[in-house]
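> Below: one structure in structure tokens.
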Amino acid sequence: MRQIMDAPPEIIEQLLTFNEFKNCLRKDKLNSSYYEKVFNWQLSIDDNEYLRNIVSAYDEVFQLQADIDKTITMLKAMDRNKRETLKRERFFHHCRHNWIEPLTKEDFKE
């Protein structure tokens, strides 16, 4: 407990934000399709800086160890429809493997 009290304010703020998010999940009982929709909406934004922030956040949170630049290049090469239908788990898979496998129809929702 003492270590938490001595933590920098940024860490405390992150913990509070995480706890708020966790409480939101409990209250609203959001299912995985909600996160899939949010993910696809985020990828549909055609702005380099925004995509860099989103990809970096997913990389950090899910510890994907992705090549951020390569991931953004791959996303920008997709048309909007493909980015809006890319499965989140397949995106994670490709990030973890640095996009060495080609995209296939199993990577996208029907």
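> Filter the range 22-45 for residues that are aliphatic (A, V, I, L, M), closer than 19 Å to Arg83 by Cβ and part of a helix (DSSP H, G or I); which is modelled with the lowest pLDDT?
First, pick out the residues of the range 22-45 that are aliphatic (A, V, I, L, M): 25, 30, 38, 43, 45.
Within this subset, residues satisfying the condition of being closer than 19 Å to Arg83 by Cβ are 38, 43, 45.
Those still in the list that are part of a helix (DSSP H, G or I) too: 38, 43.
Details: Val38: 89, Leu43: 94.
Only one residue fits best here, namely Val38.
> Separate question: What single numbered condition from (1) touching a His at 6+ places or on another chain (Cβ under 8 Å); (2) under 12 Å from Asn40 (Cβ atoms) fails to hold for Met78?
(1)
> Now for a different question. Of all residues in the range 93-110, count the ones that are more than 17 Å from Tyr34 (Cα to Cα) and either hydrophobic (A, V, I, L, M, F, W, C) or within 16 Å of the chain's Cα centre (by Cα) (or both).
Total meeting the criteria: 10.
> Let me ask something else. So which residues in the range 86-110 are farther than 23 Å from Glu60 by Cβ, of a type outside the set (Phe, Trp, Tyr) and surrounded by 14 or more Cβ atoms within 10 Å (Cβ to Cβ)?
Scanning the range 86-110 gives a single hit, Leu103.
The values are calculated or read from the model by the stated rules, or taken from the named source; none is laboratory data. All of these numbers come straight from a predicted model, not from anything done at the bench. Counting neighbours? That spans all protein chains shown, and the Cβs are built from the backbone with ideal geometry, glycine included.
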